[in-house]
Amino acid sequence: KHCSPFYFCFACFSSLHLSPPPQALPVLFKQWLKNEEVEEGRTAVLSCELTRPNATVEWRKGDTVLQPSDKYEIRQEGTHVELFIYGAEAQDA
């Protein structure tokens with residue numbers, strides 16, 4: 001019997017009982033982002049710590065994915081990730 005892709009995939013995956021390799025384990029926050037206060041025109045730094053080193057991290061403001069630029073710098077070393085916002089303005093809040 002043919003069923004929709006959603007139910008087909010659900011049925012297939014629910015019948016498999018494989019342990020994911022260690023690198024496939026989900027990345028979690030060891031240290032969450034904290035609210036930061038900075039004077040207008042200064043550099044704001046947001047940081048967090050993850051459970052897995054060098055995980056792919058995407059910084060967002062609302063629905064917009066932030067890209068490295070003159071305004072934003074993204075640094076990542078092991079499990080520590082930072083976002084620098086240069087020349088912070090009210091609209092960066």
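The values are calculated or read from the model by the stated rules, or taken from the named source; none is laboratory data. Since we're looking at a predicted model, the values are computed, not measured. Cβ atoms come from the backbone with ideal geometry, glycine included; neighbour counts cover every protein chain shown. Only protein heavy atoms, including side chains, enter the accessible area calculation; ligands, DNA and RNA are left aside. Shrake-Rupley method; radii C 1.70, N 1.55, O 1.52, S 1.80 Å.
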Do we have any residue at all in segment 12-30 that's open to solvent by less than 100 Å² (accessible area, probe 1.4 Å), modelled with pLDDT of 85 or more and of a type in the set (Gly, Ala, Ser)? no
In this structure, is ASP70 loosely packed, with under 14 Cβ neighbours inside 10 Å, under 16 Å from the mean Cα position of the chain (by Cα) and of a type in the set (Asp, Glu)? no
So ARG42, is it assigned to a loop (DSSP other than H, G, I, E, B), surrounded by 10 or more Cβ atoms within 10 Å (Cβ to Cβ) and modelled with pLDDT of 60 or more: yes
